[in-house]
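Everything on this sheet refers to the single structure shown next.
Only the coordinates and a few stated rules stand behind these numbers; no lab work does. Fair warning: this is a prediction, and the values are worked out from it, not measured in the lab. Positions of Cβ are generated from backbone atoms using ideal geometry, with glycine treated the same way; all protein chains shown enter the neighbour counts.
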Amino acid sequence: MGKVTGFKEFDRETSKKRPVKERINDYKDVYKKMDEETLKNQGARCMDCGTPFCSWGCPIGNLMPDWNDMVYKGEWEKAYNRLSLTSNFSEFTGRVCPAICEGACTLGVNRLPVSIREIELSIIEKAYEQGTIKANPPKVRTGKKVAVVGSGPAGLAVAAELNSVGHLVTVFERADEVGGLLRYGIPDFKLEKWVIDRRVDLMKEEGIEFRTSVNVGVDYSVEDLKKNFDAVVLTGGSTIPRDINIEGRELEGIHFAVDFLSQQNRRVAGKTINGKEITAEGKNVLVIGGGDTGSDCIGTSVRHGAKGVYQIEIMPKPPTERDDTMPWPEYPRTLKTSTSHEEGCERDWCVSTKKFIGENGKITSIQGVRVEWKKDSTGRMVMEEIPGTEFERPVELVLLAMGFVHPQHEGMVNDLGLKLDQRGNVSGDENYMTSEEGIFVAGDMRKGQSLVVWAINDGRRAAKSVDKYLMGETSLRG
């Protein structure tokens, strides 16, 4: 695979970023396109390692060594054909995936891993440029009708897979446009929305029907859903954000991150903002939560013209390099500095928020305390406040980016009487079937909050089970 001595000859390179001073003035993609010669050199770094742990690490089992080698040889169409065997939406994962595969790359044992994500994105974009990607509607229809409720990455994967084998697929989406959190959660500077539109247009050409602004359980009854379709797949995501119930929570200026981000995505798209607008302009902003959503809030706040941005995380600061707790080929949970962090942010770890303080009903500051994590008698990690470390910090906007707890139960889930797991997710068996015959579940609605690539994997596997349920057998890969 690649060039036998390529990993010795070429250093790892990743896509260059636009200068901070330039990119914070717009919502365009942060990254520049990598030139073809550099990409070939990066493909050449892929080793003939024997056991490709990158494929093991990838949730959808991408065949990275194959298409790395093809890019090295300039065989772009072959690379796309191999990539599309396992991946439905490389234009999404090539932009927003944390590249779990690179953490498992054999070269990463003692050198920097192959730049797999850059190569994946380049393959799919090259295929679009060259016209390799075309609508491919099924030649034969089965007559079976399937409803997919939710148009995020899991729902789109279910729809694409089931349509490919001839089922008539209708996707219901309660928002005004398709995409779920791809559309209204991830900022445009990470995923411009024309990327979603381009793929959705192809899916429409292939015969998939999208019904937007339809809230199943409200605008479309669950009785009609069961009556009009031979199978139903629920892919509504994990949509209830985790809250923080402390003194002062009711003050104006404290918002869930998803509300802040979805508003901005609507603003960039030139859409109407419903309700009071949330803006960071001229404000001291506190982002509570250290994950990707928190990072997205930072980049958006900087672009709004925030006075200052401060991010806190209750967990300890991750190490900068692998340690014994994350041996190869496991994904290294090391310190990540995103493009948004580079744009201007003060970060702090092992900090707990004690109280929100305000005047005239508006947030003016927060009271925090430093904490430490220790093992209790059972070996479980527990948090303890450090006496005398309380502090107060002025803030005018607080964004809660602490993740999501479970899908919305009111409406469709309750109306269907579906069984839930201990975390409040919709239970699905090994075949992705819920407690109701013919109703399946996939993605974050089943697993809880996760990555886009895991949602795609879940959607593909669920589609395989649905096809077998409808036809008695299946040719889908899952």
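In order along the range 11-27, the Karplus-derived 3J(HN,Hα) couplings, from 6.51 cos²θ - 1.76 cosθ + 1.60 at θ = phi - 60°, round to 7, 5, 10, 10, 4, 6, 9, 5, x, 4, 4, 7, 6, 6, 9, 8, 10 Hz, and Gly and Pro are given as x.
For the range 211-298, the list of chymotrypsin sites (Phe, Trp or Tyr not before Pro) that fall in a loop by DSSP and count at most 15 other C-beta atoms within 10 angstrom is empty.
Remark on CYS97: its backbone amide H falls under 5 Å from none of the residues 5 or more positions apart or on other chains, H modelled at 1.01 Å from N. Secondary-structure-derived ellipticity at 222 nm for the chain, considering helices only, amounts to -9000 deg cm²/dmol, per-run term -39500 (n - 2.57) for DSSP H runs with n ≥ 4.
Listed values for the range 96-104 are Karplus-derived 3J(HN,Hα) couplings in whole Hz (6.51 cos²θ - 1.76 cosθ + 1.60, θ = phi - 60°), namely 10, 6, x, 6, 4, 4, 5, x, 9, and x replaces Gly and Pro.
Show me the GluC sites (Glu not before Pro) within the range 63-122 that DSSP assigns to loop and that have at most 15 other Cβ atoms within 10 Å of their Cβ.
Numbers: sites: GLU75, GLU77, GLU91, GLU102, GLU118, GLU120; in loops: GLU75.
Here the GluC sites (Glu not before Pro) that fit, given the DSSP loop and packing criteria, are GLU75.
Counting beta carbons within 10 Å around each of SER450, SER475, SER122 and listing the fewest first gives the order SER475, SER450, SER122.
So if I place +1 on the C-beta of Lys and Arg and -1 on the C-beta of Asp and Glu, and nothing else carries charge, what would the dipole magnitude of the chain be about its Cα centre? I want it in debye, nearest 20.
Working: 66 positive and 72 negative charges, 131 e Å.
The dipole of the chain has a size of about 640 debye.
Taking other C-beta atoms within 10 angstrom as a stand-in for reagent exposure, SER164, SER427, SER301 fall in the order SER427, SER164, SER301, fewest first.
Less than 5 angstrom separates the built amide H of LYS354 from those of GLN367, GLY368, VAL369, all sequence-distant by 5 or more or on a different chain. FRET efficiency for the LYS134 to LYS362 pair, using the beta carbon distance and R₀ = 51 Å, is estimated at 0.40. If I require 24 Å or longer along the helix axis, counting alpha carbons, and a Kyte-Doolittle average no lower than -1.0, what helices from the chain are left? Use full DSSP H segments. Those that pass (Cα extent of 24 Å or more, hydropathy at least -1.0) are 452-471. Antiparallel DSSP bridges in the chain: what percent, to the nearest 5? Taking every DSSP beta bridge within the chain, about 40 percent pair in antiparallel fashion. Across the cross-link table entries LYS21/LYS271; LYS126/LYS204; LYS126/LYS307; LYS317/LYS419, which are compared at the Cα atoms, the separations over 29 Å belong to LYS126/LYS307; LYS317/LYS419. Just name one of ILE116, GLY166, PRO187: the one whose Cα is farthest towards the positive end of the charge dipole of the chain (beta-carbon charges, Lys/Arg +1, Asp/Glu -1). Farthest towards the positive pole: ILE116. Among the GluC sites (Glu not before Pro) found in the range 395-475, those both in a DSSP coil and sparsely packed, with 12 or fewer other Cβ atoms within 10 Å of their Cβ, are GLU410, GLU430, GLU437, GLU473.
If I take all pairs of Cα atoms in the range 243-402, what percentage of them are more than 23 Å from each other? If you can, show how the numbers build up before the last one.
Numbers: 5491 of 12720 pairs.
Cα-Cα pairs in the range 243-402 separated by more than 23 Å: 43 percent.
The aspartates and glutamates within cross-link reach of LYS139, meaning a Cα-to-Cα straight distance under 16 Å and a gap of 8 or more places when in the same chain, are GLU161, GLU205, GLU206. Only the Cβ atoms of Lys and Arg (+1) and of Asp and Glu (-1) were treated as charged; on that basis the dipole of the range 286-421 about its Cα centre amounts to roughly 140 debye.
Between amide H atoms placed 1.01 Å from N, distances below 5 Å from LYS17 occur with LYS32, all of them 5 or more places distant or on a separate chain. Placing unit charges on the Cβ atoms only, positive for Lys and Arg and negative for Asp and Glu, gives the range 1-89 a dipole magnitude near 340 debye about its Cα centre.
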